[in-house]
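Following: one structure in structure tokens, then a few remarks.
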Amino acid sequence: MKLLTIKNFEKVHPSTPEQLRHSEECGVSYLQSADGQDWYECQKRFRQDTMKLCFDANNVIRMITRAETGNDISSLWPEGMSVTELKDTPQNRCADITGGWVYIDGKVVERELSDAERLERATDQQRKLIKTAAEKIAPLQDAQDLEIATNEEIQRLKEWKRYRVMLSRVELGTDAVTWPDKPADS
């Protein structure tokens, strides 16, 4: 089975009177591959039974069609990217568009993150976890401040505050970030 890959789509100005009319009347944009293929025309050449994905200049997967939506290539807009089709296999379905997957040598593989990217992801995760802890702490703190907290609420408040402090102490610059255990939510 010959699978299609078309490289480097870029936005172009309409080149025919019909394209110009569609552009002006309907706001249609046009893409062309590095070898001169029109995006709308080349969509017809992709198989119906394959996954399609868009990948950027660094091979990072940015868009994917899914079987549950019919692997519909028209849902993609590959401006600044390349498009390929793959067999719809469990291995290929592991990929997502979070930046952690690449398309290399005809295969979908997990991407090695740079130190800066790992640090950024860990920092984002730390912020999310601290925000969640703060949301849990707020009503418990209110109950304590109003002197209406139950013994259970006081204990949960201490646990959530301890968790938040431990989150703030996590070493983010290490290869394997270890997050503290979240308190039981009762």
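Some observations on this one:
- Test result for Pro180, of a type outside the set (Phe, Trp, Tyr) and either more than 23 Å from Arg118 (Cβ to Cβ) or assigned to a helix (DSSP H, G or I) (or both): no
- Val60, sole failed condition from (1) within 26 Å of the chain's Cα centre (by Cα); (2) of a type outside the set (Lys, Arg); (3) on the phi > 0 side of the Ramachandran plot: (3)
- When Glu171 is tested against (1) surrounded by fewer than 15 Cβ atoms within 10 Å (Cβ to Cβ); (2) within 30 Å of Asn59 (Cα to Cα), exactly one condition is not met: (2).
- Looking at segment 3-112, the strands (runs of 3 or more DSSP E) lying wholly inside it that each contain 2 or more residues that are charged (D, E, K, R) and out of contact with any helix residue (DSSP H, G or I) (no Cβ under 6 Å at 6 or more places or on another chain) sit at 10-12, 82-87, 107-110.
- When segment 98-118 is filtered for residues that are surrounded by 13 or more Cβ atoms within 10 Å (Cβ to Cβ) and modelled with pLDDT of 90 or more, the ones remaining, listed by number, are Trp101, Val102, Tyr103, Val108, Val109.
The values are calculated or read from the model by the stated rules, or taken from the named source; none is laboratory data. Quantities reported herein were computed from a predicted structural model and do not represent experimental measurements. Counting neighbours? That spans all protein chains shown, and the Cβs are built from the backbone with ideal geometry, glycine included.
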